[in-house]
Amino acid sequence: MTPMNLEILKEAIIDMRYLLNRGYNRKTAADYVTSRYKLSKEERAIIFRAVYPDEQAKSRLKKLINIEEVAGNTLLIDGFNNIITIENAVRGAILIKCDDGLIRDISYTSRKFKMTQYTETAIMMMFETLKMCKAKESIFFFDEQISFSGEIASKIRQKMREEGINGDAKTSKRNDTEIISKDGIIASSDSLIMERANKIFDLAGYIVNSKFK
């Protein structure tokens with residue numbers, strides 16, 4: 001990976017936020033800023049995923065809750081969204097604290113997801129946190145279009161039985177639609193899901209802040 005020039009990246013972030021605040025399309029704004037500052041692929045991913053219009057960021061920040069508020073509620077977990085972020089933390093990859101308060105990675109989710117030792121570690125860390133959450137139930141959703149969704153959902157269900165955690169893990173043709181349709185606290189950094197959520201717990205972000213500071 002090409003070393004990043006943090007001063008240039010800061011300027012690019014300012015410009016990206018300026019354009020978004022004035023209603024520019026996210027891709028159009030990112031393309032313009034990338035061209036102007038000659039950003040690398042990784043730098044473009046940072047401005048694309050981390051920067052949000054002021055009002056949108058404020059709206060999402062108001063939805064964020066802490067771990068204590070999860071207790072007694074249903075927790076709806078966007079499976080791959082959380083696992084991939086935690087995996088990247090374990091790998092030592094770049095993670096970013098975004099304008100809307102969420103921790104995100106800058107990788108591009110592939111439909112050819114591979115289960116590795118990092119996946120096992122991510123799942124273990126999630127279950128440690130779920131025990132602390134004391135949710136009424138925890139439900140994982142995995143996108144059917146991504147490889148190994150059925151296998152990983154099965155692994156999660158088995159782990160839940162072993163750990164005595166109430167909940168389920170299922171595959172879905174439309175993760176965003178199904179999660180949004182349920183009543184509960186949402187654990188996802190997906191923008192479409194966040195816009196429709198009432199309460200958000202940054203599960204991956206909590207783990208990153210707890211384990212990797």
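The values are calculated or read from the model by the stated rules, or taken from the named source; none is laboratory data. On a predicted model such as this, the values are computed, not experimentally measured, just so you know. Every residue, glycine among them, receives a Cβ derived from its backbone with ideal geometry; neighbour counts consider all protein chains shown.
Within segment 178-213, the set of residues being basic (Lys, Arg) and either over 19 Å from TYR118 (Cα atoms) or part of a helix (DSSP H, G or I) (or both) comprises LYS182, ARG196, LYS199, LYS211. In summary, strands (runs of 3 or more DSSP E) completely within segment 35-109 and bearing 3 or more residues that are in contact (Cβ under 8 Å) with a residue 12 or more places away in the chain and either in contact with an Asp or Glu (Cβ under 7 Å, 6 or more places away or on another chain) or under 23 Å from ILE146 (Cα atoms) (or both) occur at 74-78, 103-105. With respect to the stated conditions, PHE113 is among the aromatic types (Phe, Trp, Tyr), more than 24 Å from LYS62 (Cα to Cα), out of contact with any Gly (no Cβ under 7 Å at 6 or more places or on another chain) and not in a helix (DSSP H, G or I). Filter segment 8-34 for residues that are hydroxyl-bearing (Ser, Thr, Tyr) and more than 22 Å from ILE94 (Cα to Cα); which is surrounded by the fewest Cβ atoms within 10 Å (Cβ to Cβ)? This residue is THR28. Across segment 111-128, which residue is surrounded by the most Cβ atoms within 10 Å (Cβ to Cβ) among those that are within 20 Å of ILE186 (Cα to Cα) and in contact with a helix residue (DSSP H, G or I) (Cβ under 6 Å, 6 or more places away or on another chain)? Once the filter is applied, the top-ranked residue is MET125. The set of residues in segment 164-200 being hydrophobic (A, V, I, L, M, F, W, C) and more than 15 Å from THR74 (Cα to Cα) consists of LEU192, ILE193, MET194.
A quick yes/no check of all residues on (1) crowded, with 19+ Cβ neighbours inside 10 Å; (2) at pLDDT below 95:
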site: ARG44; (1), (2): yes, no
site: ASP54; (1), (2): no, no
site: ILE77; (1), (2): yes, no
site: ARG104; (1), (2): yes, no
site: THR109; (1), (2): no, yes
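Here ALA45, ALA89, ALA93, ALA71 are screened, and the one residue that is farther than 30 Å from MET160 by Cα and among the small types (Gly, Ala, Ser) is ALA45.
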